[in-house]
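Read-outs throughout are calculated quantities, based only on the coordinates presented, and are distinct from any laboratory measurement. In this text the structure is predicted, and so the values were computed from the model without any measurement. Backbone-built Cβ (ideal geometry, glycine too); neighbour counts: all protein chains shown.
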Amino acid sequence: MVVHQKLKENIEVNSQEIITFLQKEGLYVDDNKISRSVNSVGSLDNNNINSIIWIKKSSFNLEEIEAGIVIVSQDFKETSLKKCIIKTVDPRLAITLIVKELFLEKERNSFIASSAIISKSAKIAQGVIINENVVIGENVSIANNVTIYPNVTIYPNTIIEDNVVINSGSSIGQEGFGHVQNKKGELITFPHIGKVIIKTNVEIGANVAIDKGALKDTIIGEGTKINNLAHIAHNVTIGKNCTICSAVSISGSVVIEDSVYVAPNATIIDGVHIGTEATIGIGSIVRKDINAKATIVALEGLEKREYIKIRKKLKD
């Protein structure tokens, strides 16, 4: 299997390189003027003198760690005479960009596994990685630097733009679940003649299902991230830079605007419209439209009698 991200080999990064990079990104605040070089990325509970780590807290006993370079917040209280301490505006963002820029391989070669099944009418651009047992249907369009992991199925007419990552077992573009009843009471499948369009820089987790549109397209907006086991039904439109967490269920014709966060196990009912920068809490069931920047929370786990009492109070 070929992966889309891997660490450089035989790497050495010095503290001044990191400081210069953070200055360029507008994240640098200060440092303790100690020079160190590192060759790996560690964590609070797994590090050594040759690793760089980051600390979220504003205070931490530095004697508990061995890391050579430590990325911290601008209000971090401790200092060190042995370790390089670099203060930043946002340590989590800083370590993310540092790893991507200085520690990960940037060169990328195309790869198509011999076991992949690809329609002759599919269009595959440059730098695409297609792993084992992937199936790509007719008239699929896959743009530059897309990565598709093993056992993914891409149904016909799907459009995938640049830098998309689709993890193992996902299914993109299958017919949605919509039926009408005829005069005999029989269920007839509603026609699905739309497609799925996945915009640039989208990441799709493992075992995600995204249905194609019925009479219009299902669209996943630029930069949106979808975690494992999510289901996105037909005609759904998701905006830019949204976070769709694991096991989320989004029913048909839902519209989600930009920068919305949907927590794990949330369910969004058909036709709901969710405004920009809204937050949908874990386990929520959303039955009506949500305003921009609103936060929706579900009840925490409650004993049945306590839950009934709360429900009665809410009705009153």
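Points worth noting:
- For the chain, the normalised intensity computed at q = 0.09, 0.15, 0.16 Å⁻¹ comes to -0.62, -1.17, -1.21 (log10 of I(q)/I(0), Debye sum over alpha carbons, equal scatterers, no solvent).
- Sequence-distant contacts, meaning Cα pairs under 8 Å at least 6 residues apart, place the relative contact order of segment 1-115 at 28 percent.
- Taking the average, over residues, of other Cβ atoms within 10 Å as the packing measure, peptides 88-95, 193-200 rank 193-200, 88-95 from highest down.
- Close amide H pairs (under 5 Å, H built 1.01 Å from N) link Asp31 with Lys87, residues at least 5 positions away or on another chain.
- For Ala116, the residues whose modelled amide H falls within less than 5 Å of its own, excluding neighbours fewer than 5 places apart on the same chain, are Asn133, Val134.
- Partners for Lys83 among lysines (Cα-Cα distance below 30 Å; same-chain residues under 8 apart left out): Lys6, Lys8, Lys24, Lys33, Lys56, Lys57, Lys100, Lys106
- For the chain: relative contact order, % (alpha-carbon pairs under 8 angstrom, 6 or more apart): 8
- Helix 15-25 and the longest principal axis of the Cα set of the chain meet at an angle near 50°.
- Ordering Ser284, Ser35, Ser40 by the number of other Cβ atoms within 10 Å of each residue's own Cβ, fewest first, gives Ser35, Ser40, Ser284.
- Fewest-first sequence of Leu187, Leu7 by Cβ atoms within 10 Å of each Cβ: Leu187, Leu7
- Charge sum, other residues only, whose C-beta stays under 11 Å from Glu105's C-beta, Lys/Arg counted +1 and Asp/Glu -1: +3
- Here is the list for segment 179-252: GluC sites (Glu not before Pro) lying in DSSP coil, each with at most 12 other C-beta atoms within 10 angstrom of its C-beta, are Glu186.
- Derived scalar couplings ³J(HN,Hα) [segment 26-35; Karplus, 6.51 cos²θ - 1.76 cosθ + 1.60; whole Hz; x for Gly, Pro]: x, 10, 6, 10, 6, 8, 9, 6, 10, 8
- CD proxy at 222 nm, helix term only [per DSSP H run n ≥ 4: -39500 (n - 2.57); per residue of the chain; nearest 500]: -3000 deg cm²/dmol
- The angle between the Cα long axis of helix 304-315 and the longest principal axis of the Cα atoms of the chain comes to about 70 degrees, rounded to the nearest 10.
- Gaussian network model of the chain, Cα within-10 Å springs - most flexible of Ser37, Ser253, Ser170: Ser37
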